[in-house]
Amino acid sequence: QVDTHIHASSCMNQKHLLRFIKRAMKRHLDEIVHVEKGKEQTLKEVFETMNLTAYDLSVDTLDVHADRNTFHRFDKFNAKYNPIGESILREIFIKTDNRVSGKYFAHIIKEVMSDLEESKYQNAELRLSVYGRSRDEWDKLARWAVNHRVHSNNVRWLVQVPRLFDVYRTKKQLANFQEMLENIFLPLYEATVHPAQHPELHLFLEHVDGFDSVDDESKPEHHIFNLDSPLPGNWVEEDNPPYSYYLYYMYANMTVLNHLRR
């Protein structure tokens, strides 16, 4: 059995996540896990600001399970990734790039991997996100995976690219769509041609199977992709390119990448 297309941050069931958080509260209460307005906070202080103790935590208070209300509601679906409705807990426990360098997230995924290996005939294809906001995202993700030894013969990685160019462009984080494409694909070309320049990424890519393009598919599109559409370097407006535009340029880059990696 292979469970495909599961987001890594939801690969554990809620009881597993609950046990893991309670265990962390017992063993790592005094570890600095978060920085709030320039002030470092320990795990104990984080939970104190939320008026929570280990005894208050339950499957119901975590509230990370999908139900019928999440179907066709991307906002409610996304909210389920925040344990107890708190984005700070998501950042601490199920993110790769945080104050503890993704240590907790790596540990819980390794526990899931261990369960899969024990069951012998179960495999999973887990998704991690690369956003295309900066050129070093791939190296950070690969460093997390390699340093924490997050790998298993029963697991392959799929990388999802959220279609959020409009958000980054509005915040002036990107100059044009070409910059987003370069942030996503240039590090992969470099790691393929010159592995010594990106040693962790070179190792990580051995376990990556493919890409996915994700977003709220209920959002209306204001553009149609045709011959008159601007090239990525000329797409500077704050509107999002259509789904087909994203897919075409991802496909074109993946074709080149696959030829390079043969």
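The values are calculated or read from the model by the stated rules, or taken from the named source; none is laboratory data. Not measured: the values here are computed from a predicted model. Because the Cβ atoms are built from the backbone with ideal geometry, glycine has one as well, and the counts that use them run over all protein chains shown.
A compact table of results
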quantity	calculated
Lone qualifier among Asn240, Asn153 - being under 15 Å from Gly132 (Cβ atoms), assigned to a loop (DSSP other than H, G, I, E, B) and more than 19 Å from the chain's Cα centre (by Cα)	Asn240
Pairs with Cβ under 6 Å, 6+ apart, first in segment 33-55 and farther than 20 Å from Asp97 by Cα, second in a helix (DSSP H, G or I) and of a type in the set (D, E, K, R)	Ala54/Lys22
Segment 183-214, subset over 11 Å from Trp138 (Cα atoms) and not in a helix (DSSP H, G or I), residue farthest from the chain's Cα centre (by Cα)	His194
Some residue of segment 60-69 being at pLDDT 70 or above and either out of contact with any Gly (no Cβ under 9 Å at 6 or more places or on another chain) or of a type in the set (A, V, I, L, M) (or both)	no
Identity of the residue in segment 156-173, in a helix (DSSP H, G or I) and touching a Phe, Trp or Tyr at 6+ places or on another chain (Cβ under 9 Å), that ends up nearest to Glu217 (Cα to Cα)	Phe165
Filter pass, Ala124 being of a type outside the set (Ser, Thr, Tyr) and at pLDDT below 95	yes
Residues (surrounded by fewer than 16 Cβ atoms within 10 Å (Cβ to Cβ), assigned to a strand (DSSP E or B) and either among the polar types (S, T, N, Q) or at pLDDT below 85 (or both)) located in segment 1-56	Val2, Asp3, Thr4, His5, Glu36, Thr42
The lone exception for Asn82 - which of (1) out of contact with any Cys (no Cβ under 7 Å at 6 or more places or on another chain); (2) modelled with pLDDT of 65 or more; (3) not hydroxyl-bearing (Ser, Thr, Tyr) it fails	(2)
